[in-house]
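Here, each number is a calculation from the coordinates, and none is a lab measurement. These numbers were taken from a predicted model, which means no experiment stands behind them. Backbone-built Cβ (ideal geometry, glycine too); neighbour counts: all protein chains shown.
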Amino acid sequence: MKKQYLKLICLGLFILLASNECTTDNEYSIPTLDCIEPNSVPTKTVRELWDLATAIPQLQTEDDIIEAYVVSSDKEGHFFKTLFLLSLDYEIGFCLLLDDISLFTEYRIGQKIYIHLKGLYIEKQHDLLKIASAVDGNSLPISTPQYKKHITKSCYSVIESTISTAMDLNTPDSTLIGKLVTLKKVQFIESVLGQTYYNPENTFGLDTRHPITDSLGNRIILKTSSFASYATTAVAFKSGSIRGILTRYNNEYQLTPRYASDLTLTEPRFTIAETPEAPVVPTDPDPETPEEPDSEGHYLFPYGNLENFNGFLTAIIGSSLPEFLQHSIGTGFQDSNCLHLTTNAQSATTTVFTAFPNINLPSTYSKIKFYLKGSAAKSFSINLYKTDGSYYKFNLRDITTNTTLTNENTNKYNGTIATSGQWVLITLDLQSLTDLNTTLLTNPLFSLKIGNNSNYDIYMDHFTIE
């Protein structure tokens, strides 16, 4: 009898070890002996939910079940009442709103869970699928006693490396939204060094948003809340890799780490490829050509010469431009690249773009310059932001030749633009101003607005500050 028991024990151990060998790179963990796999059978895929979801919360009335892996953790203060998940085919990241804290004690990274959808709501905002409760058309976290009826935990999980996706800053991809991504060979931009991850003097909403960059100057925002365990830690000086959950607000991609250990910045800093500090001065300028910026001029915002359009987009709040503003190749000042604004009577005054300041702008300044060519039935208004978020107002009014503008009390769009096909130089006089935002790189500096009910056909190029 003892021999029979020994045979059974040996057979059980053999089966257990053999099943472990069948997994690739230990991708799946072995269920604990006291774990009983729930009798939950998926009836719908995450992709099907994604295709159904809209910006309006929709009640799920069928007894459908989906399955997913856990990829986020609230252990160190981020992802308050939110659980980010990844579909089992690794194609879609999404989130579950739960009215509870310390979710990491219930749902570990890589664990598979089943979500019973009946009675819950789905919606899609900023390309992120959300599953939640809802009241009066507004999504809310699912209440604590209720959500546990909708989630069952599997005995199986995957290791973290299998659920993290490598991401290149040069090509941010909307298919990565909601996923756990890893950036390699990145660092914080120079002006952020010396600040803490959460800086109460540099906030946007409830977070501090520090830009990180690769060696080509491509950027993304890294978000840190005041509740993060590392909030008061000084920003890492070195370069390396950063892992976190990718989201997007409008068209601005944002990365939020889960833990301090997601920031593995241990390598020496690298040199960032930057655009030249000033536009090229022609060797034999045409006397009819507008005055060139002085040699000590700096581009007002990153890639302010408009040659690298993808680089320029990283300097724009929202990281995208309206359809009526396009990158125009070879039509800029001295046959360079530029921005081309062409509209058919917008129904309201419209912000064309709002830009962050460039790095290493001068602390004292006297003027901002840019080139302009074209025609418009109304004019432009420009906002220059102060460090406190308020702004100065400059109005172009009638433009036919080189023009210098001074600060005014209100935004005005009266006047016309008619340069007869010639480039003219627009100069904003800053001699009386001392508090422009030239240092907070995640806050705006420059914003351009157009009037309503008027056609515009305008080219703009080479934005500099001296």
- Query: What nm value, rounded to one decimal, do you get for the distance between Ser375 and Asn455 when each label is placed 7 Å out toward the C-beta?
  - Reply: 0.8 nm
- Message: Using the Cα centre of the chain as the reference point, and only Cβ charges (+1 on K/R, -1 on D/E), how large is the resulting charge dipole? Debye, rounded to the nearest 20.
- Response: 1620 debye
- Query: Fewest first, what order do Cys338, Cys35, Cys95, Cys155 take by the number of other Cβ atoms within 10 Å?
  - Reply: Cys35, Cys155, Cys95, Cys338
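What is the calculated FRET efficiency for Ile329 to Asp34, with r their C-beta to C-beta distance and R₀ = 56 Å, to the nearest 0.05?
For Ile329 and Asp34, the calculated efficiency is 0.30.
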- Scattering curve values for segment 46-162, log₁₀ I(q)/I(0), Debye with Cα scatterers, q = 0.12, 0.17, 0.18 Å⁻¹: -0.38, -0.79, -0.90
- Task: Within 10 Å, count the other beta carbons around each residue, average over each peptide in 391-399, 441-449, 408-416, 229-237, and list them highest first.
- Result: 441-449, 391-399, 229-237, 408-416
- By the C-alpha gyration tensor axes a ≥ b ≥ c (rounded if a/c is under 1.5, else prolate when a/b exceeds b/c, else oblate), the shape of segment 298-465 is rounded
- Item | Segment Gln125-Thr401, length gained on full extension (0.36 nm per residue, minus Cα span) | 94.8 nm
- Could you state the angle between the C-alpha long axis of helix 2-21 and the longest principal axis of the C-alpha atoms of the chain, as a value from 0 to 90 degrees rounded to the nearest 10? 10 degrees
- Note on the structure: Among (i) 27.4, 108; (ii) 23.0, 80; (iii) 22.2, 71, the value of Rg and Dmax of the Cα atoms in Å computed for this structure carries the label (i)
- Message: How far apart, in nanometres, would the label points at Asn310 and Ser161 be if each is projected 7 angstrom from Cα along the Cα-to-Cβ direction?
- Response: 2.8 nm
- Query: Once a ≥ b ≥ c are taken as the square roots of the eigenvalues of the Cα gyration tensor of segment 117-164, is the result rounded (a/c under 1.5), prolate (a/b larger than b/c) or oblate (a/b not larger than b/c)?
  - Reply: oblate
- Task: Sort out for me the Cα centre separation of segment 33-52 from segment 147-163, rounded to whole Å.
- Result: 10 Å
- The alpha-carbon center of segment 360-393 and that of segment 410-466 are separated, in whole Å, by 4 Å
- Message: Which one, Phe463, Leu361, Leu140, projects farthest toward the positive side of the charge dipole computed for the chain from Cβ point charges (K/R +1, D/E -1)?
- Response: Leu140
